[in-house]
Amino acid sequence: MTVKELEARVKALEELTHSQAAEIKTFKDIEAINRLQKAYGYYLEHWMVKEIIDLFSDGPDVSLTLAPGTYMGKAGVKRYFEHYQPNNEFLHQMMQLSGIVDVDPDGKNAKGRWYGFGAISMPRGKGMSQTFMSGIYISEYVKEDEVWKFKTLRFDMFYNAKPLEGWVKPERLSSSPSDMFKADIPRSYSALYPSGYIVPFHYKHPVTGKKTSENAWNKSLKRTS
């Protein structure tokens, strides 16, 4: 083997090692993001306000988008979660399911998409409400001081269904209407069934590498955002 051939082989091995190291780093980042998103679901179940707020970045472009609309900044996140006062019957179980996470080439930003499904019981007037809920979480993440945090968190609800026979005792059920907490930016559309709205995907088709067709479909429904 000549010196040139040996140098070429060493270079190829170095490039391979670098590629493997990058793959391992990305894998670790995705696992950390998975843990972040799942932790949010566990803290949400019992409305653990401090723990939820600590999951979010301190950056100026943080936002939380829920049924009423968007709450801006970490202060907006804090304002939303602190306005509820759970009691011992409170339950907000939203399981974080079927997550797909992609890390940007810079290794500092990422996007994710998750199903949310669960059972919820919340104080309403002098009683409790109960419902099953399902939707899509769209998340943006940012790495700060080597720790992944939420930059934006958005939930598009597909349905909110009352069970025929629930887990709250009949004498505790509430007839009070739902009280939507006023958002900084009100919603301009609804993904509720049977709207047909497809929450846009942040990733391209994993086989074809092409953008998927949800935007064209949503445009036909006049629901584009």
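Readers should treat all values here as calculations from the given coordinates under stated rules, not as data from a laboratory. Just so you know, these numbers come straight off a predicted model, no measurement behind them. Counting neighbours? That spans all protein chains shown, and the Cβs are built from the backbone with ideal geometry, glycine included.
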Working out 0.36 nm times the residue gap between Asn88 and Val3, then minus their Cα-Cα distance, what length gain in nm do you get to one decimal? 23.2 nm
As an exercise, use a Förster radius of 25 Å and the Cβ-Cβ distance of Ser220 and Arg154 to find the FRET efficiency, rounded to the nearest 0.05. 0.65
Please build a GNM for the chain, connecting alpha carbons under 10 Å apart, and tell me which residue among Ile33, Ile198, Ile24 fluctuates the most. Ile24
Let a ≥ b ≥ c be the square roots of the eigenvalues of the Cα gyration tensor of the stretch 186-225; is it rounded (a/c under 1.5), or, if not, prolate (a/b larger than b/c) or oblate? prolate
Which one, Lys111, Lys78, Lys210, has the greatest fluctuation when you compute a Gaussian network model over the chain with C-alpha springs under 10 angstrom? Lys210
Whole-Hz ³J(HN,Hα) from phi, Karplus 6.51 cos²θ - 1.76 cosθ + 1.60, for the stretch 213-219, glycine and proline x: 9, 5, 5, 5, 5, 4, 4
For the stretch 107-219, the Debye formula with one identical point scatterer on each Cα and no solvent gives log10 I(q)/I(0) at q = 0.23 Å⁻¹ as -1.32
How far is it, in nm, from the label point at Lys25 to the one at Ser176 when both lie 7 Å from their Cα along the line to the Cβ? 5.2
Select one label from [x] 33, 19, 13; [y] 41, 21, 16; [z] 24, 21, 19: the one whose number is semi-axes √(5λ) of the Cα gyration tensor in Å as derived from the coordinates shown. [y]
Relative to the first principal axis of the alpha-carbon coordinates of the chain, what is the inclination of helix 3-45, with its axis defined by its Cα atoms, in degrees from 0 to 90 and to the nearest 10? 10
Based on the alpha-carbon gyration tensor of the stretch 77-130, what equivalent-ellipsoid semi-axes (square roots of 5 times the eigenvalues) come out, in whole Å, largest first? 33, 15, 6
Dividing the Cα convex hull volume of the stretch 21-61 by residue count, how many Å³ per residue is that? 79
